[in-house]
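The values are calculated or read from the model by the stated rules, or taken from the named source; none is laboratory data. The model shown is predicted, which means the values in this text are computed figures rather than measured ones. When we count neighbours, we look across all protein chains shown, and the Cβ atoms used for this are built from the backbone with ideal geometry, even at glycine.
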Amino acid sequence: MNNSADSRAIDNSDDQPNVNARRRNLLKSAMTAALVGSGMGAASLMAPSASAASTPARLKNLVGPISTNNTIPAVGYAVYASDQPMRAFKFLRRPVGPKDVAIEIQYCGVCHSDIHTGLGHWGPQKLPLITGHELAGVVVAVGGSVSRYRVGDRVGVGCMVDSCGVCSECTVGFEQFCTKGTTWTYGSPTSDPTGVTQGGYSNVAVVKEHFVISVPDNIELAAAGPIMCSAVTVYSPLRHWDVRPDSKIGIVGLGGLGHIAVKLAKAMGAKVIVLTTSSDKVADAKKFGASDVIVNYDKASMDKYSRSLDFILDTVPYKHEMDPLVSLLKRDATLCLVGVGKADEPNQLAPITNVLARNSFAGSLIGSIRETQDVIDFCSQHNISPEVNLIPIQQINSAWREVIDKKARYRFVIDMTSLKKEI
Ligand code: NAP
Ligand code: ZN
């Protein structure tokens, strides 16, 4: 097991500079072992003083020899400049600390948030930056204090990799609202070797145990990735606004978030109306569980559903007309926006819009770690899976273009075996 000196040396997650870094990060962007190897080891194999020869076999097979300070060589595809294509980036991950899990990333979903971040829609980033926060893979090493995971376990990681753990939000399980600043999976300033967290378009990750999600046996790893962000981001508001069998709701935008929202809401028993700008998605929307589809705010349909919906979840990533959506809400009902567009192109509502039927306009930020485990368990129980389109990492630049052009059907997921060419 790790002795306490080793633990202090490796686990610096609670030190003051890091807390300050997280504070700065919160202000800057709202969005933004011992039991290694066999799972039965008796020595702290990943402590900084350990020799590279004692690296657990599965981690070593994945990344090759590890340096004497136990930082882990990794490779991914990074944004080097917002106007240039992403390309391969070799970098170092931090050593596996006592509370850490090292994961072989086998798949990573492509979220529109990656695109907003990479193209600078939400402000400047420290580059090169590897995006990706829909990770799925297999545990290849664990720290000495890890109790929930063993080498070989199938796991996922979403948008968060750390939080203070002690503030008023963390202690009630809202890590995404940590008052000291959540550490996001990519782009958060930390003491990691590159100075910021690096995301999932890469071959290996080192993540604190608390932020690792267990993938049920009947969920394919390729499908697990998108559940880590897109599904929990819609599940959390569907639950918060109490969507249930007698609810009639609207889902706006049939993309990565929207299509899984339709499947989840249908499984919760709701009647779902999809609002889309793509007439060629009507049949798919119905296949996913929509009872009706409105294309481009078609007037006859909008009139038909006037003041009839209990809740609307809006996933559209860019500025769009919202007043017509509010006119579909019943008295006192809420429209929740999860799409987060360009910082300098905010959505607008006319002053009268919310007043007419005492409607609420809300937003929601991903979901907690507990909700992420809940949603993947819900998907497992209800046989729900995102529609996945596997791509090699070499196609990531054209995939981003297709997402922006609304051509994704419905979530690109990177198959990381394609990264082997880049090592
Ligand atoms: P996506 O796969 O691109 O889906 C977005 C859908 O919105 C598109 O398929 C399209 O649906 C519609 N759309 C796209 N551009 C549009 C435009 N210019 N005008 C009108 N409709 C448009 O994106 P996503 O990955 O689902 O992400 C959606 C948004 O949620 C992004 O802004 C992302 O950053 C944000 N997000 C937020 C959170 C959070 O915590 N709040 C978490 C994850 C993602 P139709 O073809 O059906 O019209
Ligand atoms: Zn996302």
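Key figures for this structure:
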{"quantity": "Residue that is surrounded by the most Cβ atoms within 10 Å (Cβ to Cβ), among those in segment 408-423 that are assigned to a helix (DSSP H, G or I) and among the hydroxyl-bearing types (Ser, Thr, Tyr)", "calculated": "SER418"}
{"quantity": "Filtered residues of segment 101-118 (kept if away from ligand 1 (no atom under 11 Å from the Cβ) and not in a strand (DSSP E or B))", "calculated": "GLY118"}
{"quantity": "Scan of segment 382-416 for residues that are within 22 Å of VAL79 (Cβ to Cβ) and of a type in the set (Val, Ile, Thr), ordered by number", "calculated": "ILE391, ILE393, ILE396, VAL403, ILE404, VAL413, ILE414"}
{"quantity": "Verdict on PRO95 being more than 22 Å from ALA399 (Cα to Cα) and either in contact with a Ser or Thr (Cβ under 7 Å, 6 or more places away or on another chain) or surrounded by 18 or more Cβ atoms within 10 Å (Cβ to Cβ) (or both)", "calculated": "yes"}
{"quantity": "Subset tally (residues that are assigned to a helix (DSSP H, G or I), surrounded by 16 or more Cβ atoms within 10 Å (Cβ to Cβ) and within 12 Å of ligand 1 (Cβ to nearest atom)) for segment 387-407", "calculated": "4"}
{"quantity": "For LEU365: the one exception among (1) touching a strand residue (DSSP E or B) at 6+ places or on another chain (Cβ under 8 Å); (2) modelled with pLDDT of 95 or more", "calculated": "(1)"}
{"quantity": "Which numbered condition PRO317 fails, given (1) more than 18 Å from THR276 (Cβ to Cβ); (2) assigned to a loop (DSSP other than H, G, I, E, B)", "calculated": "(1)"}
{"quantity": "Restricting segment 222-237 to residues that are surrounded by fewer than 24 Cβ atoms within 10 Å (Cβ to Cβ) and farther than 21 Å from ASN389 by Cα, the residue that is nearest to the chain's Cα centre (by Cα)", "calculated": "SER236"}
{"quantity": "Qualifying residue in segment 154-173 (condition: of a type in the set (D, E, K, R) and assigned by TED's automatic domain parsing to the domain that holds MET302)", "calculated": "no"}
{"quantity": "Only listed residue being within 9 Å of ligand 1 (Cβ to nearest atom) and either closer than 17 Å to LYS407 by Cβ or surrounded by fewer than 24 Cβ atoms within 10 Å (Cβ to Cβ) (or both), chosen from LYS287, LYS248, LYS299, LYS281", "calculated": "LYS281"}
